[in-house]
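The values are calculated or read from the model by the stated rules, or taken from the named source; none is laboratory data. Nothing here was measured: the structure is a model prediction, and the numbers come from that model. Because the Cβ atoms are built from the backbone with ideal geometry, glycine has one as well, and the counts that use them run over all protein chains shown.
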Amino acid sequence: MQFLNMILIDIYGNSMEPELKHGDTVMIDTSQKDIQPGSISAVGIDDTILVKRIEKLPGKLVLRSDNKDYEPIYLGLDEMDSFRIIGKVVWISRDVR
């Protein structure tokens with residue numbers, strides 16, 4: 001694995017629990033920008049970074065949380081100007097408590 005295209009992001013909040021927990025650090029491969037069903041990606045919407053599962057549907061994208069308390073985020077084609085895929089989550093680090 002090359003580390004030239006890798007960045008680290010800290011997880012804040014519980015929207016991706018149980019897979020990712022508040023305080024985890026994830027490594028993002030910024031060379032992997034394709035939508036891969038079932039994978040977790042870091043995405044940007046305007047100046048906000050989210051870590052979500054991305055689903056491609058006709059005419060829109062859906063950003064899904066693993067935590068069922070959070071509703072999906074739907075992005076239409078008219079909102080794509082403010083959206084970008086930063087990369088795919090390839091590694092998770094968690095403190096042992």
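Here's a check for you: in segment 1-35, which residue that is of a type in the set (Gly, Ala, Ser) and under 16 Å from Leu63 (Cβ atoms) is farthest from the chain's Cα centre (by Cα)? Steps first, answer last, please.
Keep residues of segment 1-35 that are of a type in the set (Gly, Ala, Ser), which gives 13, 15, 23, 31.
Then keep just the ones that are under 16 Å from Leu63 (Cβ atoms); that gives 13, 15.
On the way: Gly13: 13, Ser15: 11 Å.
The qualifying residue farthest from the chain's Cα centre (by Cα) is Gly13.
Hey, can you tell me all the residues within segment 40-97 that are more than 12 Å from the chain's Cα centre (by Cα), more than 20 Å from Gly23 (Cβ to Cβ) and of a type in the set (Lys, Arg)?
Once the filter is applied, which keeps residues that are more than 12 Å from the chain's Cα centre (by Cα), more than 20 Å from Gly23 (Cβ to Cβ) and of a type in the set (Lys, Arg), segment 40-97 yields Lys56, Lys60, Lys68.
Can you tell me which residues in segment 75-97 are modelled with pLDDT of 95 or more and loosely packed, with under 13 Cβ neighbours inside 10 Å?
The answer is Trp91, Ser93.
Say we look at segment 59-71 and pick out the residues that are loosely packed, with under 13 Cβ neighbours inside 10 Å and not basic (Lys, Arg); which of these is farthest from Asn5 (Cα to Cα)?
The first filter runs over segment 59-71 and keeps only residues loosely packed, with under 13 Cβ neighbours inside 10 Å, leaving 59, 68-69, 71.
If we keep only those that are not basic (Lys, Arg) as well, we get 59, 69, 71.
Values: Gly59: 30, Asp69: 33, Glu71: 31 Å.
Selected residue: Asp69.
State which residue pairs qualify: first residue over 17 Å from Met6 (Cα atoms) and inside segment 30-48, second residue of a type in the set (Val, Ile, Thr) in any location, beta carbons under 6 Å apart, and separation of 6 or more residues or different chains.
Pairs that qualify, where the first residue is over 17 Å from Met6 (Cα atoms) and the partner is of a type in the set (Val, Ile, Thr), are Ile35/Ile54.
Of everything in segment 1-32, what is surrounded by fewer than 14 Cβ atoms within 10 Å (Cβ to Cβ) and not in a strand (DSSP E or B)? Give them in sequence order. Break it down stepwise before answering.
Step one: filter segment 1-32 for residues surrounded by fewer than 14 Cβ atoms within 10 Å (Cβ to Cβ), giving 1-5, 7-8, 10, 12, 18, 22-23, 31.
Those that are surrounded by fewer than 14 Cβ atoms within 10 Å (Cβ to Cβ) and not in a strand (DSSP E or B): Met1, Gln2, Phe3, Leu4, Asn5, Tyr12, Pro18, His22, Gly23, Ser31.
Pairs under 7 Å by beta carbon, first residue touching a residue at least 12 places away in the same chain (Cβ under 8 Å) and at positive phi in segment 61-90, partner surrounded by 12 or more Cβ atoms within 10 Å (Cβ to Cβ) and part of a strand (DSSP E or B), six or more apart or different chains?
So the pair list comes out as Gly87/Ile28; Gly87/Asp29; Gly87/Ser41; Gly87/Ala42.
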